[in-house]
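Peer 1: To start, I am sharing the structure in question, which I have written as structure tokens.
The values are calculated or read from the model by the stated rules, or taken from the named source; none is laboratory data. Note that this is a predicted model, so its numbers are computed, not measured. Neighbour counts run over all protein chains shown; Cβ positions are idealised from the backbone, glycine included.
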Amino acid sequence: MSEVKLSAETRSEFGKGAARRIRRENKVPGVLYGHGTDPVHITLPGHELLMALRTSNVLISLDIDGQETQLAIPKAVQRDVLRQGILTHVDLLLVKRGEKVNVDIPVVAEGELAPGGNLLEHVLDALPVEAEATHIPETVTVSVAGLEAGASVHAKDITLPSGVSLAIDADAVVLQVLAAQAEEAPAEGAGDEAAEA
């Protein structure tokens, strides 16, 4: 898992006006919390943060005011409703090396389903797991090669990297294969009646 270094500044101004001013400077307001400490309100560089968040569960090394360094992972990211590329606020959770955290890992399906036009449904787009904060996998890959309609992949069927464990019921369905829906043919005689009318 990648670790990204970002500079952060503590902030003492709050409210919508202050947040707008921060965003006009291409920065993002955020809150850093965890480990029973008081939340720290910070400002982060907008573009660098956006690039870092392209990796899910990225580990961020924060240089706060040039005085201390803290490790954190994103817990909640708010984006502009109309312009998804614009971050409006971020919540970061303090973590320590060696500490276990609960995170959601994106599920990636690979392989071709059995012939027949079946559909793969992602019941869960991300798998809740417990992992060491500095070794969170970016994704988990599941082979769906040859699966037929009615087949399901449960959480317990997914191979997790060493040190990562499920934080969900092992029998939870993650993926399932649905039979292709055949288009209904018009009822016999329906076409003839329409022609006569």
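Peer 1: With respect to residue 81, is the statement that it is assigned to a loop (DSSP other than H, G, I, E, B) and within 19 Å of the chain's Cα centre (by Cα) true?
Peer 2: Yes: the conditions hold for residue 81.
Peer 1: Could you check segment 115-148 and list, in sequence order, the residues that are farther than 16 Å from residue 58 by Cβ and polar (S, T, N, Q)?
Peer 2: 118, 141, 143
Peer 1: How many residues does segment 70-90 hold that are at pLDDT 85 or above and surrounded by fewer than 11 Cβ atoms within 10 Å (Cβ to Cβ)?
Peer 2: Of the residues in that region, 0 qualify.
Peer 1: Of the numbered conditions (1) within 22 Å of residue 12 (Cα to Cα); (2) in contact with an Asp or Glu (Cβ under 7 Å, 6 or more places away or on another chain), residue 56 satisfies every one except a single condition; which is it?
Peer 2: With (1) within 22 Å of residue 12 (Cα to Cα); (2) in contact with an Asp or Glu (Cβ under 7 Å, 6 or more places away or on another chain) applied to residue 56, the lone miss is (1).
Peer 1: Are there any pairs with C-beta distances below 8 angstrom linking a residue in segment 121-139 that is over 30 Å from residue 179 (Cα atoms) to a residue that is in a strand (DSSP E or B) and basic (Lys, Arg), with the two at least 6 apart or on different chains, and if so which?
Peer 2: Within 8 Å, the pairs are 130/100; 131/100; 132/100; 133/100.
Peer 1: Check 44, 6 and return the single one that is out of contact with any Asp or Glu (no Cβ under 6 Å at 6 or more places or on another chain), closer than 30 Å to residue 139 by Cβ and hydrophobic (A, V, I, L, M, F, W, C).
Peer 2: 44
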